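The values are calculated or read from the model by the stated rules, or taken from the named source; none is laboratory data. Here the structure is a predicted model, which is why all the values come from computation and not from measurement. Protein only, heavy atoms only, side chains kept; ligands, DNA and RNA dropped before computing areas. Shrake-Rupley method; radii C 1.70, N 1.55, O 1.52, S 1.80 Å.
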Amino acid sequence: MKRLYRLLPSELNQIQRQLYDNITNGRRSNAKNQFRLSDREGSLEGPFNLFVMFPDLGSILSNLGEFIRYESKLPSRLRELMILHIAVDFQSEFEWYAHKQLAINEGISVLMIESIRDGNKPENLDARESISYELYQKLKTHESITDEFFSKVTEHLDTEMIFELISLVGYYSTLAMLMQTFCVSIPDGEELTFQHE
């Protein structure tokens, strides 16, 4: 069952077109080793078609995503590690497709990526990455964040970074749930190595 219509650029109203242009001509379009933002007809890939379809909330989500990708204090390697964990936990094909190469670009080894794909905590994490993984696991399982654990986290992350990390988890989890509900998959012709090989 097809759950989502893919908007063509010619079908966009003025507000939708402004967001479309911000996505296709903005920071995402200039990123190194960028995943494909639109198909041959110009329809947006991944969650971006949803953003444009519902631009009031879509523009807010788009801005939040840009902040997390390009302005956050979180190290980019840590960011990509966390996004891959979220992709696995939500079985989000598009997030995995979009961020696997970005993770490699940040120095994350293929072995680490395979470990994440298999649902494991990868080896060779630095202290900041390791505590971030532990925090994510507690959030994911609705475990209480005790004062003792919070104190441990603040040995490696300042409070602004903790705020940004939790916001990252919320943002990419939201995208994964949206794409799962609306059956958004990877672009046609792209290869996926998400499932166990």
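Assorted remarks:
- Using only alpha carbons, region 110-188 has a radius of gyration to Kirkwood radius ratio (Rg to Rh) of 1.03.
- Overall size of the chain from C-alpha positions, given as principal axis extents largest first: 54, 37, 32 Å.
- Ligands, DNA and RNA left out, the accessible area of region 14-64 computed with a 1.4 Å probe is 48% carbon and sulfur.
- Restricting attention to the chain, the count of lysine pairs at 8 or more positions apart or across chains with alpha carbons under 18 Å apart stands at 5.
- Summary value for region 1-118: 21 percent relative contact order, contacts being C-alpha pairs under 8 angstrom separated by 6+ residues.
- Percentage relative contact order, the chain, counting C-alpha pairs under 8 Å, at least six apart: 27 percent
- Averaged over its residues, region 1-124 has an accessible area of 51 Å² per residue, based on protein heavy atoms and a 1.4 Å probe.
- The per residue volume of the convex hull around the alpha-carbon atoms of region 1-90 is 123 Å³.
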